[in-house]
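Engineer: Dropping a structure here in structure tokens format, bear with me for questions.
What follows is calculated from the coordinates using simple rules that are stated; it is not laboratory data. Everything numeric here is computed off the predicted structure, so don't read it as measured data. Here Cβ is always computed from backbone atoms with ideal geometry, including for glycine, and neighbour counts include all displayed protein chains.
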Amino acid sequence: MIIRIATEGQYRIGGKTLSKVGDIDDRLLAAMHSEDKAEFSKLLGSLIDVVRKEGQPIPIDEIVESDLVLPPPDTSLEEARRLLTATRAATRL
Amino acid sequence: MGLISRMSTVIKAKVSNLLDRAEDPRETMDYAYQKQLERLQDVKRGIVEVVASRRRLELQAATLQANASKLDGQARQALASGREDLARLALQRKEAALAQVQGLDGQIADLEQQQEKLTALEERLSAKVEAFRTRKEMIKAQYSAAEAQVKIGESLTGLSEEMADVGLAVDRAREKTESLQARAGAIDELVAAGTLEETTGGQDMLEQQLSRITAGQNVERELEEMKRQLGLPKAAAPKQLKEG
């Protein structure tokens, strides 16, 4: 599984990491729904940490498509919401 | 997946825009390569902008720091001549200047981070572009259009994704730099006007008084000097200014 941290780079991750990612992702979405900015930033930080620590960086000269893309590490709750709005627009097309 | 899968959809939607151009995949490869080179130029321009903004903020911080020292001197001067009210005003302005410096220091550190990020990005992108160029030339030389389509598919998608991501990184760095530049512009005006309304908030009355008093003080000193030269008796301590 190849996962990209947007604006940063790509990593190859295993199933164990992926389930951690999925778990944090669920809580991230919950934090967004409950407007908890601090919790959102904290969760995003730990999500990215997991990928950085457990993932294997894709060599710089390897060109490969990602299966998943994480938002940029400094994404705020407001930005994430804007992205989701953009997503809804994109999927409607 | 909740947020992440949706985020992925956003990036991939952008990526497919590039791929839609594919008629002859070999042309698409050349097109993608050109686009990548343009992106690389974008990144380089971004680095130049960030460096320029950082220098500007550093200059402002130095100016404000110098102002703070000057105000400190003025406060001492005021206190020595028995004008505690003046000294207080000067120290208030000094604190305001120092608070600005602290704010600027944070922004300078922020820009340094942006610069590092963009530099790493440039390196990453250069390597990808070079890898793609090699692959592209190899495929163009060895395969027909139909075969090339298959061979290049993965790396073209990967490259397009890379391009979308680099574009995102550059946009973010640029947004950050622009907002800091706007702030720097505002501070420039304040530095030039010798006021710090932004942090002292609505205290321009005090500032006016301070400048009047400082000017007044110079007048007093000159007066005293003149009196001394003329052998006249010293004046009584000047009156305290009324509050506010």
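Engineer: Over all residues in B:114-120, what is the mean tally of Cβ atoms on other chains that come within 10 Å of each residue's Cβ?
Structural biologist: The per-residue average across the peptide is 1.
Engineer: Could you please state, rounded to a whole Å, how far the C-alpha centre of the range B:153-176 is from the C-alpha centre of the range B:108-143?
Structural biologist: Each part's Cα centre sits 10 Å from the other's.
Engineer: Measure nothing fancy, just the Cα-based angle from helix A:37-54's long axis to the longest principal axis of chain A, in degrees from 0 to 90, nearest 10.
Structural biologist: 10 degrees
Engineer: Helix A:15-33 versus the longest principal axis of chain A: what angle, 0 to 90°, nearest 10, using Cα atoms?
Structural biologist: It is inclined by approximately 20 degrees.
Engineer: Label points 7 Å out from Cα along the Cβ direction at A:Ile60 and B:Gln65: separation in nm?
Structural biologist: Result for the modelled spin labels: 3.3 nm.
Engineer: Are any of the pairs B:Lys35/B:Lys128; B:Lys44/B:Lys176; B:Lys35/B:Lys117 more than 18 Å apart by Cα-Cα distance, and if so, which?
Structural biologist: B:Lys35/B:Lys117
Engineer: Starting at the first residue of the range B:54-70, write each ³J(HN,Hα) from the Karplus equation 6.51 cos²θ - 1.76 cosθ + 1.60 with θ = phi - 60°, in whole Hz, x for Gly and Pro.
Structural biologist: Computed from phi, the couplings for the range B:54-70 are 5, 4, 5, 5, 4, 5, 4, 4, 5, 4, 5, 5, 5, 4, 4, 5, 4 Hz.
Engineer: What is the sum of charges, Lys and Arg at +1 and Asp and Glu at -1, for the other residues whose Cβ falls under 14 Å from the Cβ of A:Glu39?
Structural biologist: Here the count lands on -1.
Engineer: Roughly how many nanometres apart are two label points built 7 Å out from the Cα toward the Cβ at B:Arg76 and B:Gln41?
Structural biologist: 5.5 nm
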